[in-house]
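Below you'll find the structure, written out as structure tokens, and then a few comments.
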Amino acid sequence: MLTLKPLRIPSRTHVLANGLRVIAHEDPSSPLVTVHLMYHVGSKDEAPGRTGLAHLLEHLMFEGSEHAPKGDFDDLLERVGGTNNGSTWLDRTNYYETVPTHAVELALWLERDRMAHFLPVLDAEMLETQRGVVINERRQSYENRPYGMADERLHQMLFAPEHPYSWPTIGYVPDLEAVTLDDARTFYSTYYTAGNAVLVVAGDVTAERAFELAAHYFGDLPRGPVIPRVSLDAAAVPAAPAIRRETMPDEVSFPRAYLGWAVAPYGSREWVALDVLAYLLGDGESSRLQRALVREGRLAQEVDTYLYPTERCGVFGVVATSRTGVAVETLEDTVRRVLDEVAAGGVTEDEVTGAIRRVRADQVAEMAMLEERADSLAYAATVLGSAEKLEELMDAYATVTPEEVSRAAAAWLGAERCATLMVVPAGDAEVRDAA
């Protein structure tokens, strides 16, 4: 068994009467505090026909609130040397500020005002402005970018249209154009509540002080409506993709293969084994797919593997870009051959040990940053149920065996579970169609 020094992110949790979970992480090494507020809402909580609403609302939240109107929010933070940002994903939306220790109450006050006093400033003009910003973002970052539509299409292939992971976080243009002011107000009132949020106060502040300040700024807010959650049994991982394979012409110079699988959800033991496998396959020059496709095989310019830490099920992916003259199908065949070898038990102890050490190196690098620690604690509490689950999850890597990695590959990454998208230069697609 591999011996790893445990990676610890000490924290304490206190739940306010209104359901807000407050997590305190003390780190007095520098005079900074990160205030991180995460809502358990993302694009998975949208209704078909209103995709992109969660991300659009995030944009709207940066337009100010009743007591901190547009411009004042950033100005107040800049005056004390603070920074802020936010993001939306499949399962969560987050907002955070990093400020000098003496300004922690300012950050908490600003987030309180967004949680309690946003609706009075939300109007039609604001909605129209940010609708245009998001639609333009979609066009620039997705529709008009080489390979930009591939990930969206892969998810449409992996999941049936009614599955909430089938649509992109940024949404579809017709849906964004259809969003009304009432839609935005209802979404905010439903999900932006104390009972649906996790507040992390991390850095140069004691847990007692963090809990005291949280109660002062958020304790009087209403809990909000009870949001039904899909049980693990009801959220079964799809057994097969909605569409198995497809070719997508694009304005690109080189073909690229995208292979995706719906797998075990974040936090499960199988997810950890799959994460080790992702590193074993694609991280570092000695990894399996780097050797087979890039260094020795000379078939691909690059190859990458990934595993999403998503709530209802994980998403495992392999992306490889062809070298000149190499058919994209050759990349697919090579990936499948390597996966078959792994599933058949062809994994060594040294490979697994090396992969786990690379996982740990990345974890250490991430946790060196206060904002990343706050984010990880918030996400564990939001998706896994408690911040303590984060340390349990990181400890689990040390006990992953070669047999577990092989079993995970055999159980989850078979050809029958795979969605394969081939992105090819538009001219190549015309030749294929003619043939």
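The values are calculated or read from the model by the stated rules, or taken from the named source; none is laboratory data. A quick note: this is a predicted structure, and the numbers were derived from the prediction, not measured. Counting neighbours? That spans all protein chains shown, and the Cβs are built from the backbone with ideal geometry, glycine included.
For the reader, a short list of remarks on this structure follows.
- Matching option when the condition is at pLDDT 95 or above and among the polar types (S, T, N, Q), among 88, 3: 88
- Residue in the range 140-157 that is farthest from the chain's Cα centre (by Cα), counting only those that are of a type in the set (S, T, N, Q) and surrounded by fewer than 20 Cβ atoms within 10 Å (Cβ to Cβ): 144
Rundown of residues vs (1) under 17 Å from the mean Cα position of the chain (by Cα); (2) in contact (Cβ under 8 Å) with a residue 12 or more places away in the chain; (3) outside the structural domain of residue 202 (by TED's automatic domain parsing), yes/no style:
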{"residue": "6", "(1), (2), (3)": "no, yes, yes"}
{"residue": "31", "(1), (2), (3)": "no, yes, no"}
{"residue": "40", "(1), (2), (3)": "yes, yes, no"}
{"residue": "50", "(1), (2), (3)": "no, yes, no"}
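- Matching option when the condition is in a strand (DSSP E or B) and of a type outside the set (A, V, I, L, M), among 67, 55, 36, 59: 36
- Each residue in the range 310-353 was checked for being touching a Ser or Thr at 6+ places or on another chain (Cβ under 9 Å), of a type outside the set (A, V, I, L, M, F, W, C) and crowded, with 17+ Cβ neighbours inside 10 Å, and 7 pass.
- Neighbours by Cβ (under 7 Å, 6+ apart or cross-chain): first from the range 114-129, in the same structural domain as residue 199 (by TED's automatic domain parsing); second polar (S, T, N, Q): 114/65; 117/65; 118/65; 121/65
- Only one entry in 179, 198, 173 is in contact with a Ser or Thr (Cβ under 7 Å, 6 or more places away or on another chain) and of a type in the set (A, V, I, L, M), namely 198.
- Those strands (runs of 3 or more DSSP E) lying entirely in the range 226-343 with at least 3 residues farther than 22 Å from residue 382 by Cα and under 24 Å from the mean Cα position of the chain (by Cα): 256-263, 300-308, 314-322
- For the range 247-303, a tally of residues being acidic (Asp, Glu) and either free of Cβ contacts under 8 Å to residues at least 12 places away in the same chain or surrounded by 23 or more Cβ atoms within 10 Å (Cβ to Cβ) (or both) returns 3.
- Scope the range 158-173; condition surrounded by fewer than 21 Cβ atoms within 10 Å (Cβ to Cβ), of a type in the set (A, V, I, L, M, F, W, C) and touching a residue at least 40 places away in the same chain (Cβ under 8 Å); matching residues: 160
- Residues in the range 382-400 that are touching a residue at least 40 places away in the same chain (Cβ under 8 Å) and outside any helix (DSSP H, G or I) were compared, and the one that is surrounded by the fewest Cβ atoms within 10 Å (Cβ to Cβ) is 386.
- Options 355, 361: the member that is assigned by TED's automatic domain parsing to the domain that holds residue 407, closer than 30 Å to residue 25 by Cα and without any contact (Cβ under 8 Å) to a residue 60 or more places away in the chain: 361
- Members of the range 147-175 found to be hydrophobic (A, V, I, L, M, F, W, C) and either in a loop (DSSP other than H, G, I, E, B) or modelled with pLDDT under 95 (or both), listed by number: 149, 159, 160, 167, 170
- In the range 195-208 there is at least one residue that is over 26 Å from the mean Cα position of the chain (by Cα), closer than 30 Å to residue 101 by Cβ, part of a helix (DSSP H, G or I) and not assigned by TED's automatic domain parsing to the domain that holds residue 310.
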